[in-house]
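A.B. asks: Below you'll find the structure I mean.
The values are calculated or read from the model by the stated rules, or taken from the named source; none is laboratory data. Computed from a predicted structure; not experimentally measured. All Cβ positions, even for glycine, are placed from backbone atoms using ideal geometry, and neighbour counts span all protein chains on display. Heavy atoms of the whole protein, side chains included, go into the accessibility calculation; ligands, DNA and RNA do not. Shrake-Rupley method; radii C 1.70, N 1.55, O 1.52, S 1.80 Å.
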Amino acid sequence: MTAPQDADQRRAIAPVICYPNDTLPTPDLALYQSARDTAEKIGEVIVPARDAKCFHVPAGSFFRISSVDGPQVGDLNLWNANDLNERFYSGKSRALHGTHLTTGERMWSSFPSLRPMATITADTLGWYGIDQYGGSVHDVIGTRCDPYTGNLLSGTQYHHCCHSNLTRALAEETGLSLREAEPHVHDVLNVFMCTGFTRDTGQYFMKASPVRPGDYLEFFAEIDLLGALSACPGGDCSSEHSSDSAACHPLLVEIFTPSPEALGDWTSPPVNGYDRSHGL
C-alpha cells in the first residue's frame, strides 16, 4: 500500500500518556520498610520446577519470591483470599505503571474492586532497567504459557505449562475441580522473566533472565491474598517456555509478618469508589 503524502507528519505526532499516574495513591514505602524490619518469617513454600504451589499472605504481611538453585522465572497469580472473583488485573496494572513492574509499583485488582492487591517493596533486579533490545524484567505484557496455544501452533498436548500448573495448584488448594478452577486462572506477573516487543515486527519476545540465586522480588500484601506461583517449564526462558528439556529450578516463597504495632493506623485499601450506576 502506498503511504499518503503526509505520512511523515502523521507519524511525527507526539504521543500522549493514556493514564497519567501522578494522582495515584502513593504507597508509604518508608512505613512498609520500617514494618519489614520488625517482621518475622511465618511460613514458606517451595515451588518445584515445572509445577505450581499456592500460598496465603495476610493483609499487612510481606511475601518474597526468590531464586534459590539457578536462573528461573515464575508466573504469579493473586486473588482476594476471601473472594476469587477479585483477582490480579495485569492489563490495568500495565496501563497504570508500564510494561514491567518494580519497587513502588502495584498489582491492581479486577473490576469492580480496582484497588491495590500488593505493592512491590524490594527488587534485586531493579538495576536491569531497559536493555538495548527493549527488554526488561517482571513483565505484565505476556499472558502465561498454556496448552491451548501450544496445541494451536504445534498440535502438542503439554500439561506442565504455567496455565495448567496454576490450574492444578488452585484446584488442590481450594477443592475446586479442574474445570471449576481453570476460569479463575488469569494473566500473570512474569516474575524474573526478561521480555519486550521487537521494534521491527512488534512481536513479544523473551531472552535469558538475568536472575541468579539470591535474587528476589518482595511484596507487601494490601489485602488478604491467595497466591499461586508456577516455576515455568522454560527455566530462564532463554530458548523456549514449554519444555521438558530446558534447565529448570525451584522457586522459594517466604511469608513475613511484622509486629502488630509496626504499621500504625494502616488499613487495607477499600474497593473502588465508583458508584456502579453506569449512567442509569
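A.B. asks: Just the residues that are assigned to a helix (DSSP H, G or I) and open to solvent by less than 100 Å² (accessible area, probe 1.4 Å), please, taken from region 1-43. Spell out the reasoning first.
C.D. replies: Start the filter on region 1-43 by keeping residues that are assigned to a helix (DSSP H, G or I), which leaves 7-11, 29-36.
Within region 1-43, 7, 29, 30, 31, 32, 33, 34, 35, 36 meet the criteria.
A.B. asks: Within region 102-110, is even one residue in a loop (DSSP other than H, G, I, E, B), out of contact with any helix residue (DSSP H, G or I) (no Cβ under 7 Å at 6 or more places or on another chain) and surrounded by fewer than 17 Cβ atoms within 10 Å (Cβ to Cβ)?
C.D. replies: In the first step, residues of region 102-110 are kept if they are in a loop (DSSP other than H, G, I, E, B); the result is 102-105, 110.
Of the ones still in play, those that are also out of contact with any helix residue (DSSP H, G or I) (no Cβ under 7 Å at 6 or more places or on another chain) are 102-103, 110.
Those still in the list that are surrounded by fewer than 17 Cβ atoms within 10 Å (Cβ to Cβ) too: 103.
So far as region 102-110 goes, yes, one or more of its residues are in a loop (DSSP other than H, G, I, E, B), out of contact with any helix residue (DSSP H, G or I) (no Cβ under 7 Å at 6 or more places or on another chain) and surrounded by fewer than 17 Cβ atoms within 10 Å (Cβ to Cβ).
A.B. asks: Any residue that is closer than 16 Å to residue 226 by Cα, out of contact with any Cys (no Cβ under 9 Å at 6 or more places or on another chain) and acidic (Asp, Glu) - is there at least one of those in region 172-195?
C.D. replies: The answer is yes; a qualifying residue exists.
A.B. asks: Could I ask something else about it? Would you mind stating whether residue 144 is crowded, with 17+ Cβ neighbours inside 10 Å, part of a strand (DSSP E or B) and not aromatic (Phe, Trp, Tyr)? Steps first, answer last, please.
C.D. replies: Details: crowded, with 17+ Cβ neighbours inside 10 Å: yes; part of a strand (DSSP E or B): no; not aromatic (Phe, Trp, Tyr): yes.
Spelling it out, it is not the case that residue 144 is crowded, with 17+ Cβ neighbours inside 10 Å, part of a strand (DSSP E or B) and not aromatic (Phe, Trp, Tyr).
A.B. asks: Identify the single condition in (1) of a type in the set (S, T, N, Q); (2) surrounded by fewer than 22 Cβ atoms within 10 Å (Cβ to Cβ); (3) part of a loop (DSSP other than H, G, I, E, B) that residue 85 does not satisfy, given that it satisfies every other one.
C.D. replies: All conditions are met except number (3).
A.B. asks: Of the residues 16, 47, only one is within 21 Å of the chain's Cα centre (by Cα) and of a type outside the set (Lys, Arg); which? Lay out the reasoning, then the answer.
C.D. replies: On the way: 16 fails: within 21 Å of the chain's Cα centre (by Cα).
Result: 47 is the single residue among 16, 47 that is within 21 Å of the chain's Cα centre (by Cα) and of a type outside the set (Lys, Arg).
A.B. asks: Right, here's the next one. Within region 241-254, restricting attention to residues that are open to solvent by less than 10 Å² (accessible area, probe 1.4 Å) and in contact (Cβ under 8 Å) with a residue 24 or more places away in the chain, which residue is farthest from residue 268 (Cα to Cα)?
C.D. replies: 251
A.B. asks: Just the residues that are within 30 Å of residue 175 (Cβ to Cβ) and surrounded by fewer than 24 Cβ atoms within 10 Å (Cβ to Cβ), please, taken from region 226-240.
C.D. replies: Once the filter is applied, which keeps residues that are within 30 Å of residue 175 (Cβ to Cβ) and surrounded by fewer than 24 Cβ atoms within 10 Å (Cβ to Cβ), region 226-240 yields only 226.
A.B. asks: Would you be able to say whether some residue in region 174-194 is crowded, with 21+ Cβ neighbours inside 10 Å, more than 16 Å from residue 74 (Cα to Cα) and not aromatic (Phe, Trp, Tyr)?
C.D. replies: yes
A.B. asks: Within region 83-94, is there a residue that is over 21 Å from residue 183 (Cα atoms) and modelled with pLDDT of 95 or more?
C.D. replies: Within region 83-94, one or more residues are over 21 Å from residue 183 (Cα atoms) and modelled with pLDDT of 95 or more.
A.B. asks: Tell me whether region 210-219 contains one or more residues that are open to solvent by less than 10 Å² (accessible area, probe 1.4 Å), assigned to a strand (DSSP E or B) and within 22 Å of residue 131 (Cβ to Cβ). Show your work before the answer.
C.D. replies: Filtering region 210-219 for residues open to solvent by less than 10 Å² (accessible area, probe 1.4 Å) gives 211, 217-219.
Going one step further and asking which of them are assigned to a strand (DSSP E or B), we end up with 217-219.
Cutting the leftovers down to within 22 Å of residue 131 (Cβ to Cβ) gives us 217.
Checked region 210-219: at least one residue is open to solvent by less than 10 Å² (accessible area, probe 1.4 Å), assigned to a strand (DSSP E or B) and within 22 Å of residue 131 (Cβ to Cβ).
A.B. asks: Could you check residue 169 against (1) buried (at least 23 other Cβ atoms within 10 Å of the Cβ); (2) in contact with a Phe, Trp or Tyr (Cβ under 8 Å, 6 or more places away or on another chain) and say which number it fails?
C.D. replies: Here residue 169 meets the rest and fails (2).
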